[in-house]
1. Would you confirm whether or not segment 151-174 contains a residue that is at pLDDT below 85 and closer than 30 Å to ASP26 by Cβ?
2. Across segment 103-119, what is the total count of residues that are surrounded by fewer than 20 Cβ atoms within 10 Å (Cβ to Cβ) and not acidic (Asp, Glu)?
3. Pick from segment 137-173 the residues that are part of a strand (DSSP E or B) and basic (Lys, Arg): which of them is nearest to the chain's Cα centre (by Cα)?
4. Of the conditions (1) at pLDDT below 95; (2) polar (S, T, N, Q); (3) in contact with a strand residue (DSSP E or B) (Cβ under 6 Å, 6 or more places away or on another chain), SER4 fails just one. Which one is it?
5. So how many residues does segment 120-134 have that are surrounded by fewer than 22 Cβ atoms within 10 Å (Cβ to Cβ) and among the hydrophobic types (A, V, I, L, M, F, W, C)?
6. What do you reckon, is VAL42 touching a residue at least 12 places away in the same chain (Cβ under 8 Å) and touching an Asp or Glu at 6+ places or on another chain (Cβ under 8 Å)?
7. Go through segment 57-94 and report how many residues are crowded, with 16+ Cβ neighbours inside 10 Å, out of contact with any strand residue (DSSP E or B) (no Cβ under 6 Å at 6 or more places or on another chain) and either closer than 17 Å to GLU41 by Cα or among the acidic types (Asp, Glu) (or both).
8. Of the residues GLY37, GLY10, which single one is without any contact (Cβ under 8 Å) to a residue 12 or more places away in the chain and not acidic (Asp, Glu)?
Amino acid sequence: MSFSAVSIVGAGALGCEIALACAAVDIPVSLVPLHRGALPEVRRRLERRLALGVALGSLAPAAREALAGRIALAPDLALAAEADLVIDATACDPKARRAMVATLESRLTPGAVLATGGPGEHLPAVAEAVRRPDQLVGLRFTFAAGQPVRVDLTLLADTAPGVAAGCRGFVAELGSGSLVEHGAVARIGYREWLSSPGRDAAE
């Protein structure tokens, strides 16, 4: 499977970087802040990031407007509902992330893939909040100045093979990224995860 449209939920620094990476390779992308009133600040954040790229020489001035024009800023989840890959790029604790992915799943089409940007160690507990764990993955992006983007892909034992292949293809399409894949992990209950020995280190 391949993704024809991507939606990023969470328009902080990380969400903006992911959206720009998608736009740079002509992947249709929408960016959804958590609060409708944040749209003006998100626009300014994108403008500052693009201006920095021009100043550093990593982005041609002529490409600046074209890149910005490929990112659709959305006041709500309507555009996310049209995407076939939705990435949760919010900064939140595991409990809040479970609520977030449950909300997102309820808005998506049945075939859409949902990716959570939290630590891979959290994925098994987060998966307990969704009805279709076979279409849930962990996609954790790490951006560092002067370095290719690193993407950690975490799969569940339930993850459908086509979903895993689609996510690998998506990262490859980003071009300069490096993929680090983590083997399939079994789902566990949230209460069980809370008492697991490695939880504090994962956080």
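The values are calculated or read from the model by the stated rules, or taken from the named source; none is laboratory data. Values in this document were obtained by computation on a predicted structure and should not be read as measured data. Cβ sites come from the backbone with ideal geometry, for glycine too, and all protein chains shown count toward neighbours.
1. So the first thing to find is which residues in segment 151-174 are at pLDDT below 85, and the list is none.
Within segment 151-174 (the criterion being at pLDDT below 85 and closer than 30 Å to ASP26 by Cβ), the answer is no, since none of the residues qualifies.
2. Filtering segment 103-119 down to residues surrounded by fewer than 20 Cβ atoms within 10 Å (Cβ to Cβ) leaves 103, 105-107, 109-111, 119.
After this cut, where a residue has to be not acidic (Asp, Glu) as well, the list is 103, 106-107, 109-111, 119.
The number of residues fulfilling the criteria is 7.
3. Step one: list which residues in segment 137-173 are part of a strand (DSSP E or B), which gives 137-142, 150-156.
With the extra rule that they be basic (Lys, Arg), the set shrinks to 140, 150.
Working: ARG140: 7, ARG150: 13 Å.
Among them, the one singled out is ARG140.
4. Tallying (1) at pLDDT below 95; (2) polar (S, T, N, Q); (3) in contact with a strand residue (DSSP E or B) (Cβ under 6 Å, 6 or more places away or on another chain), SER4 fails exactly one: (3).
5. Selection size over segment 120-134: 2.
6. Values: touching a residue at least 12 places away in the same chain (Cβ under 8 Å): yes; touching an Asp or Glu at 6+ places or on another chain (Cβ under 8 Å): no.
Against the criterion (touching a residue at least 12 places away in the same chain (Cβ under 8 Å) and touching an Asp or Glu at 6+ places or on another chain (Cβ under 8 Å)), VAL42 does not qualify.
7. Total meeting the criteria: 4.
8. Details: GLY10 fails: without any contact (Cβ under 8 Å) to a residue 12 or more places away in the chain.
Of GLY37, GLY10, the one residue that is without any contact (Cβ under 8 Å) to a residue 12 or more places away in the chain and not acidic (Asp, Glu) is GLY37.
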